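A.B. asks: Can you read through this structure? Questions will come right after.
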Amino acid sequence: MGDLFDFWFEYTTVVPKGFVRLFGKLAEFTDRGIAVHLFRGNHDIWAFDYLRKEIGIQLHREHEIAEFWGKKFFLAHGDGYGPGDHGYKFIKKVFELPVNQWLFRWLHPDWGTKMALYWSRKSRIANMAKEGKIENGGEPTRERLFLFAKEYLEQHPDISFFVMGHRHRPLDIPIQDQARCIILGDWINLYTYAVFDGITMELKSFPDQAKSSIKSASRAE
């Protein structure tokens with residue numbers, strides 16, 4: 001659901017360093033016919049057609065409404081959704097202007113990447129501090145993505161699940177007993193993800209799942 005990278009920019013002839021093993025694993029999936037979809041996040045806002053051409057990843061720039069086993073899903077990264085956060089919403093519009101993308105491309109990749117990673121990490125630290133305050137005293141129902149989903153559901157009552165990322169905080173919040181807002185968390189510190197089995201949607205943690213599998217294997221032995 002986005003933010004696959006800490007920073008990504010598609011230069012004309014240069015591929016940013018550091019993602020070879022990740023790309024290789026994703027290519028294994030697509031080569032086997034497994035569809036891989038990426039909803040661009042604020043850290044990979046400048047991803048265009050390279051991932052599609054080289055790896056076969058299907059890139060989404062806006063939210064999508066999809067249906068699986070009779071359930072409708074609202075799928076999006078989630079950046080810029082919900083009330084508030086006006087500063088980021090303005091910056092996002094600036095970053096999406098083609099002229100600014102063209103100007104950034106003229107920076108040497110070493111300088112451009114170093115500068116972008118500095119601001120990315122600074123933003124992440126600030127967000128982690130903010131999230132700490134939310135965890136200690138904030139209510140999940142005040143989460144801006146939940147507020148967005150609740151308002152959207154009033155106009156589209158057939159949605160069963162809102163699945164988003166962006167906030168790096170795993171949440172599963174019911175909306176009026178007819179839908180749920182799922183925020184996936186992250187794959188850096190929490191290793192959280194969601195699984196839909198055709199009926200229910202469940203947040204899971206990879207280490208917990210791995211420990212459970214090991215215990216099951218031990219019992220089988």
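Laboratory data are not the source of any read-out in this text; all were calculated from the coordinates shown. Worth saying up front: this structure is predicted, and the values here are computed from it rather than measured. Glycine also receives a Cβ, built like all others from the backbone with ideal geometry; neighbour counts cover every protein chain displayed.
A.B. asks: Test of understanding: ordering Asp197, Asp6, Asp158, Asp79 by Cβ neighbours within 10 Å, fewest first, what list do you get?
C.D. replies: Result, fewest neighbours first: Asp197, Asp158, Asp6, Asp79.
A.B. asks: Treat each spin label as a single point 7 Å out from the Cα along the C-beta direction, and report the Leu22 to Leu203 distance in nm.
C.D. replies: Going from the Leu22 label point to the Leu203 one covers 2.3 nm.
A.B. asks: Could you give the length gained by full extension between Val14 and Asn100, i.e. 0.36 nm per residue of separation minus their alpha carbon distance, to one decimal place?
C.D. replies: Between Val14 and Asn100, full extension yields 29.1 nm more.
A.B. asks: Among Met1, Met115, Met164, which comes first, second and so on when ranked by fewest other beta-carbon atoms within 10 Å?
C.D. replies: Met115, Met1, Met164
A.B. asks: Right, something else. Can you put Trp187, Trp8 in order of Cβ neighbours within 10 angstrom, beginning with the fewest?
C.D. replies: Least crowded to most crowded, the residues run Trp187, Trp8.
A.B. asks: Any of Lys25/Lys53; Lys72/Lys93; Lys72/Lys150 with alpha carbons more than 18 Å apart? Name them for me.
C.D. replies: Where the Cα-Cα span goes over 18 Å, the pairs concerned are Lys72/Lys93.
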